[in-house]
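So the structure is just underneath, and the comments pick up after that.
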Amino acid sequence: MKAPDLQSYRDYPVCGRVLRRQEIAGSVLSETAYPPYLSVPRHVHDQVGYFCLTLQGGYTEYSKYQNRELGPATLLYHAPGEAHSDNFMGEQTRLFCVWVSRERLRSVRVNARASDKSAHFSCGSTLQLALRMYKEFRSMDALSPLVIEGLTLEILAETFRAGLREFEPLDPPWIRRAGDLLHVRFNESPLITEIAELVGVHPVHLSRVFRRRFGCTVGEYVRRLRVDFACRELSHSRKPLSEIATTAGFCDQGHLSRTVKRFTGMTPAEYRSAFRSS
């Protein structure tokens, strides 16, 4: 089974129930609900690549290269031509998908000098960009096509950038230790001097290499980790916002709300609602 190009995609049959669909600037965006225990046989999308954000429920994807468990608040990027099959969980699953023409993929890839390969994200800036796009898709106005086109290009760039990192020379062990320490202590406001001392390098050297490796400062990285943690709690639990804010390391509930909205385009309440039901 092969998916057609974007020109005829609006007529392409899907296995679920399409809740809304929109074609914008060379991409097709859709939100679709899939029934429990649905099994989709092996198939290939030759003419398009796509991003798939799991909003509710989840599924397992099987491909030649790896199997992926995709639950709420996970983003999958599929390069054209990769055969795969899908088994959905025992509850309704909602997916937000963005189908991107092969021409658009090729233009971004050539300009970025990057390879096109499938990837998935459960945290970080790529997922946050997809969340902002879904928010825009749900509340379309006259400027939404322009915003969505820009977000599509940003997501592609971030996805290809993640692929490029795999081909960089091996990281020095200390930079990996620094990253691991931040993941463990993201809610403690660690100081750069403290992290540098623990991994055995000068703070200036740490800051310089960290930015080159992760594309942001140590402080920005910690802020992303806090937002990622808060978003996982919002999508998987019903804990009060005040408790999530304290556990994540935010000053208070207001600080949590402002930061989550800046990164995802949604308030915590909107984010939680998006991953609960249609």
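The values are calculated or read from the model by the stated rules, or taken from the named source; none is laboratory data. This is a predicted model, so every value here is computed, not measured. Quick reminder, even Gly has a Cβ in these numbers, built from the backbone with ideal geometry, and neighbours come from all protein chains shown. Please note that ligands, DNA and RNA were not included when accessible areas were found on the heavy atoms of the full protein model with its side chains. Shrake-Rupley method; radii C 1.70, N 1.55, O 1.52, S 1.80 Å.
Per-structure values
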quantity	calculated
Tally, over region 218-240, of residues that are assigned to a helix (DSSP H, G or I) and closer than 25 Å to L70 by Cα	16
Test: residue in region 162-173 that is among the aliphatic types (A, V, I, L, M), open to solvent by less than 80 Å² (accessible area, probe 1.4 Å) and within 22 Å of the chain's Cα centre (by Cα)	yes
Scan of region 89-118 for residues that are among the aliphatic types (A, V, I, L, M), modelled with pLDDT under 85 and in contact with a Gly (Cβ under 7 Å, 6 or more places away or on another chain), ordered by number	L105, A114
Some residue of region 244-264 being assigned to a helix (DSSP H, G or I) and closer than 26 Å to D171 by Cβ	yes
Members of region 73-100 that are assigned to a strand (DSSP E or B) and of a type in the set (S, T, Y)	Y77, S85, T93
Test for V201: is it over 23 Å from G71 (Cβ atoms) and part of a loop (DSSP other than H, G, I, E, B)	yes
Residue that is farthest from T159 (Cα to Cα), among those in region 176-218 that are surrounded by fewer than 13 Cβ atoms within 10 Å (Cβ to Cβ) and of a type in the set (S, T, N, Q)	T193
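Conditions (1) within 30 Å of L146 (Cβ to Cβ); (2) among the hydrophobic types (A, V, I, L, M, F, W, C); (3) surrounded by 13 or more Cβ atoms within 10 Å (Cβ to Cβ), marked per residue:
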position	(1), (2), (3)
V28	yes, yes, yes
T32	yes, no, yes
V40	no, yes, yes
V48	yes, yes, yes
C52	yes, yes, yes
L55	yes, yes, yes
T60	no, no, yes
Q66	no, no, no
G71	no, no, yes
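Listed here are the residues, each with its yes/no results for (1) touching a helix residue (DSSP H, G or I) at 6+ places or on another chain (Cβ under 8 Å); (2) part of a loop (DSSP other than H, G, I, E, B); (3) at pLDDT 90 or above.
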position: L29; (1), (2), (3): yes, no, yes
position: T32; (1), (2), (3): no, no, yes
position: P36; (1), (2), (3): no, yes, yes
position: H43; (1), (2), (3): no, no, no
position: D46; (1), (2), (3): no, yes, no
position: Y50; (1), (2), (3): no, no, no
position: L53; (1), (2), (3): yes, no, yes
position: T60; (1), (2), (3): no, no, yes
